[in-house]
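The values are calculated or read from the model by the stated rules, or taken from the named source; none is laboratory data. Keep in mind the model is a prediction, meaning the values are calculated, not measured. In this analysis, Cβ positions are derived from the backbone assuming ideal geometry, glycine residues included, and neighbour counts consider all displayed protein chains.
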Amino acid sequence: MIDELGNKYSRLYVIALADERINGQAAWICECQCGGSRVVRGNLLRKGITRSCGCLVRERVAKQAPMAAAIRCGHA
């Protein structure tokens with residue numbers, strides 16, 4: 001197991017080792033820069049697959065929604 005404690009990955013800061021494993025792999029409790037938190041497998045952090053608590057996806061959707069509405073209305 002690679003010790004991730006104290007590491008920062010994109011928006012997530014690793015604050016503790018989780019009590020339970022996920023699919024047999026070590027999981028870490030992470031605090032997001034937005035204030036949210038999430039339990040993530042270490043390999044997903046290292047590969048850059050999980051980069052936030054979910055706020056990054058919500059921000060992207062919010063930015064795309066006005067553009068999608070404009071396209072449907074023919075204003076783009």
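Structure notes:
- Checklist (1) part of a helix (DSSP H, G or I); (2) surrounded by fewer than 18 Cβ atoms within 10 Å (Cβ to Cβ) applied to Leu45, failing item: (2)
- If only residues of segment 1-20 that are in contact (Cβ under 8 Å) with a residue 40 or more places away in the chain and exposed (fewer than 15 other Cβ atoms within 10 Å of the Cβ) are counted, the one that is nearest to the chain's Cα centre (by Cα) is Ser10.
- Test result for Val14, closer than 14 Å to Ile2 by Cα and outside any loop (DSSP other than H, G, I, E, B): yes
- Contacts under 6 angstrom Cβ, first residue in segment 21-32 being at pLDDT 95 or above, partner among the hydroxyl-bearing types (Ser, Thr, Tyr) and not in a strand (DSSP E or B), 6 or more apart: Cys32/Ser52
- Of the residues making up segment 17-31, those that are touching a Gly at 6+ places or on another chain (Cβ under 8 Å) and more than 12 Å from Asp3 (Cα to Cα) number 1.
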